[in-house]
Amino acid sequence: MQQIIFDSSPAYLLLCLLLAVGIAYFLYRANHPWSKTWNRILLALRAVLLFALFFLLLGPIVRQVSNIFEKPLFVVLYDNSVSVKETTDSTTLRAIENQLRATQQQLEEEGYEVEVNDLNGEKISTPSYTATTTDLNGALRKVASRNEGRKIAGVILASDGIYNAGVTPLYASYNFPVYTVALGDSLEHADISIKNISYNKIAYQGNKFPVRVEIAARNMQNQTVRVSLLQRGKLLDQQTKTINEGQLIVYDFQPLANDQGIQKLDVQVEIKPGESNTRNNAASVFVEVVEGKKKILIVSPAPHPDIKALREVIDKNSNYEFLLHIPQLNEQPVSALQPDKIDLVIFHQVPDLRGATRAIFQQFVKSKTSILLIIGQQTDLRFLSQQGMPVKFDGFPREFDDVTPVVNAAFSNFTLSPDVNTVLADYPPLSVHFGKINIALSATPLLFQRVGSLATQKPLLAVDVQDNRKTGVLLGEGIWRWRLNEFDRTENTVAFDELFGKLIQYLSTTEDKRKFRSYPVQQEFSDTEPVVFESQVYNDIYEPVFGNTIEIDLTDESGQKKSYRYVTGPGNNRYQIGGLKEGVYRYRARTTIQQKNEEVRGEFAVVQRQVELQNLAADIDLLKKLAANTGGKFYSASQIASMQQELRKAEARSVIHTEESYKAVVNLKWVFFALLALISIEWFSRRFWGSY
């Protein structure tokens, strides 16, 4: 529907008409060489042209109202996990898929738009049943979030009801009915399974570490179950306990961490007669044995909530040992405060105005230990400026600015995820000394200061490397508010923990001066994902160079070796290796730099994920409750035809969206060509009759 509206009163149209006719009559009232009929035609053309021009001067606007009909959406969700394939033969699965495909066609014919997805939200035509985890609630929430604002008529969920990731879907609310189709085997067979293995992923050489194995039994009474812990086929420990139906029995082992590196431990549960699923009777864990923890020391003249925020970050990394030194309140022994025993010292408002921490500050300044300075209201700026730190103050101001952080996109010492940048933008302000602050030219800002809405080039957090010592400088206190604010908004502290976790990791790590670095991007990979290597080559002044051939040799636990080769290039520093089976792999990476052979060695683990094999009994009760809670209906695999009949009864009602658009008439192209046509006809006619 179209409607013309005016900026001024429509009564002016009458005046436009009178003026157009009057001017046209004045031009054509005299005698002309053409006939009276042509004179009247030309007078009418001129009158119409003039009226159109006067009409456009009134600023008319066309209001366009359009109705868009949006079809209701139906989503078919396939549970493509391994547990479905393990308990249902391929012939039955193909028959169910064909029936659901027919249901899809029926819904499309009735006016629905139909999407077919797996639980990861990917559009598929045929499910592969290779997923190693199942998150039913997450899959349904993805449907809701991706189609927010659309009318979802329903979701058909074909699943065995077993979930091993996320939370139960029964306690969530969805704005659409879920029609559940049961797959798998609902019979509970006799089974003893490993439910969970708890262990420390990092152990320290020479120490014992805990391995707790939880065993569950189904349809078994008074059975003695033997659980063994092995390493490289050698029995480390063995325990036997009695288990009954529904019980969860715990086996605690305390193996000794002997050799450095990644160690594979195998847990084996005795197989009992009558067990239908024996693959959940064995599992492997991988423990990295390291020499010792890195020591992170915080020195402060007094307690402060910033210390608690930093400790939360440090304690999350099992590689770190946290130490706190507050004079006369929480003092560390002198032997623990030796710089050569500390990997990173964090000075919070140190040196302080009372001078209680000057001695320990000077002790560490003279050493090569990495330092993180957090400057606050109690910091002695005059004394600090005399210690050769990469920060100096002019005038020693005692006034403060409230500033918020802005991430420096050019910072390259380590990377932050995009989500961190978004969360940091909403952090509350820190108190920063007002005045001229000189940061060393060699320092690299990680965060800039934003004053009000103005982002400045003044550093808020910067890092510097001088004389093989790393130094970080944070020019404000109150970071505890950042962590609290993030938790209040997001119910987690991921961004804060990543920012300071990576900062502490960078500062506490010794500078790597090797010209060739090659390493797996993580220490543990799943057997369903490729192992990714990253290689970096540098020249004498540590500039990255490309074009080197990287040779990687992998050796598995049985001694078999495989070799790979690739050439580095800009944006091509990584190499993927797929198809590796579970186990510990040793690698050797080689290249040639200036006719000199360079070599890097290390190891990584490939882990087989077997959570889908822990429980193979379909949870029909969950599927029934989910359907009932959402207003849908439960169907067995043999009742899909009944579901088709039920869905045929519902009417596919489209949603009508109305859109309004406004456009000035003078901007319409056809108006220009219409006026051009009127002018051209009149002009050519007058020329034809011999008049101008």
Mean separation of Cα contacts under 8 Å (at least 6 apart) over the residue count of segment 1-135, i.e. the relative contact order in percent, is 29 percent
Surpassing 23 Å at the alpha-carbon level, of the pairs Lys294/Lys470; Lys142/Lys502; Lys295/Lys458; Lys295/Lys470, are Lys142/Lys502; Lys295/Lys458
Quick calc, the chain, dipole around Cα centre from Cβ unit charges on Lys, Arg (+) and Asp, Glu (-), nearest 20 debye, gives 2180 debye
Of the candidates Gln594, Leu580, Ile552, the farthest towards the positive dipole end of segment 530-687 (Lys/Arg Cβ +1, Asp/Glu Cβ -1, centred on the Cα centre) is Leu580
Counting only protein heavy atoms and rolling a 1.4 Å probe, one gets per residue an accessible area for segment 494-545 in Å² of 45 Å²
A student applying the Cα gyration tensor rule (rounded when a/c is under 1.5; otherwise prolate if a/b is larger than b/c, oblate if not) would label segment 394-467 oblate
Quick numbers on segment 47-89, Rg and Dmax over C-alpha atoms in Å, give 30.2, 85
Packing-ranked peptide list from 406-414, 379-387, highest mean Cβ count within 10 angstrom first, is 379-387, 406-414
Taking every other residue with Cβ under 12 Å from the Cβ of Ser654 and scoring Lys and Arg +1, Asp and Glu -1, one gets 0
Expressed in angstrom and ordered largest first, the alpha-carbon extents of segment 130-217 along the principal axes are 62, 34, 26
Long-range amide H partners of Ser81, meaning residues 5 or more apart or on another chain whose placed amide H is closer than 5 Å, are Ala131
In units of 2.2 N^0.38 Å, the Cα radius of gyration of segment 597-691 is 2.94
Segment 239-393 accessible area per residue, 1.4 Å probe, protein heavy atoms, integer Å², reads 45 Å²
Taking alpha-carbon centroids only, segment 303-365 lies from segment 614-692 a number of Å equal to 64 Å
With a ≥ b ≥ c from the Cα gyration tensor eigenvalues, square-rooted, and the rule rounded for a/c under 1.5, otherwise prolate when a/b > b/c and oblate otherwise, segment 491-610 is oblate
Eigenvalues of the alpha-carbon gyration tensor of the chain, times 5 and square-rooted, give semi-axes in Å, largest first, of 64, 47, 26
In the chain, taking the dipole from +1 charges on Lys and Arg beta carbons and -1 charges on Asp and Glu beta carbons about the Cα centre, the listed residue (Gln363, Ser638, Thr87) farthest towards the positive end is Gln363
For the chain, the charge dipole (Cβ of Lys, Arg +1; Cβ of Asp, Glu -1; about the Cα centre) points to a positive end, and the Cα of Leu53, His325, Ile342 closest to that extreme belongs to Leu53
Scoring segment 149-189 by relative contact order with C-alpha pairs under 8 Å, at least six apart, yields a percentage of 56 percent
Taking only the alpha-carbon positions of segment 438-518 as identical scatterers, the Debye log10 I(q)/I(0) at q = 0.13, 0.20, 0.22, 0.25 Å⁻¹ comes out as -0.54, -1.05, -1.16, -1.28
Rounded to whole Å, √(5λ) for the Cα gyration tensor eigenvalues of segment 89-166, largest first, gives 21, 19, 9
Rounded to a whole %, the carbon-and-sulfur portion of the accessible area of the chain at a 1.4 Å probe is 50 percent
For segment 539-638, the Cα-Cα pair-distance distribution in 10 Å bins from 0, as whole percents, is 11, 27, 19, 12, 12, 13, 6, 0
Reduced to Cα centres, the span from segment 101-129 to segment 525-546 in Å works out to 41 Å
Segment 276-373, Kirkwood Rh and Cα Rg, ratio Rg/Rh at 1.22
The simple spin-label model distance between Asn539 and Phe26, using points 7 Å out along Cα→Cβ, in nm, is 8.2 nm
Cβ-Cβ cut-off under 13 Å around Arg481, Lys and Arg +1, Asp and Glu -1: the net charge is -3
Semi-axes in Å, largest first, for segment 571-618 (Cα gyration tensor, √(5λ)) are 37, 13, 6
Expressed per residue, the solvent accessible area of segment 137-193 in Å² (1.4 Å probe) is about 42 Å²
Row for segment 1-159, column shape: gyration tensor on C-alpha, a ≥ b ≥ c, rounded if a/c < 1.5 i.e. under 1.5, prolate if a/b over b/c, else oblate; value prolate
To the nearest 20 debye, segment 397-555 has a Cα-centred charge dipole, built from +1 on Lys and Arg Cβ and -1 on Asp and Glu Cβ, of 740 debye
With label points set 7 Å from each Cα along the Cα-to-Cβ direction at Gln594 and Glu110, the distance between them in nm comes to 7.5 nm
Rounded to the nearest 500, the 222 nm mean residue ellipticity computed for the chain from DSSP H runs (n ≥ 4, each -39500 (n - 2.57)) alone is -8000 deg cm²/dmol
Contact order relative to length for the chain, counting C-alpha pairs under 8 Å separated by 6 or more residues, stands in percent at 16 percent
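The values are calculated or read from the model by the stated rules, or taken from the named source; none is laboratory data. Computed from a predicted structure; not experimentally measured. Here the Cβ is made from the backbone with ideal geometry for all residues, glycine too, and neighbour counts use every protein chain on show. What goes into the accessible areas is simple: the full protein's heavy atoms, side chains included, and nothing from ligands, DNA or RNA. Shrake-Rupley method; radii C 1.70, N 1.55, O 1.52, S 1.80 Å.
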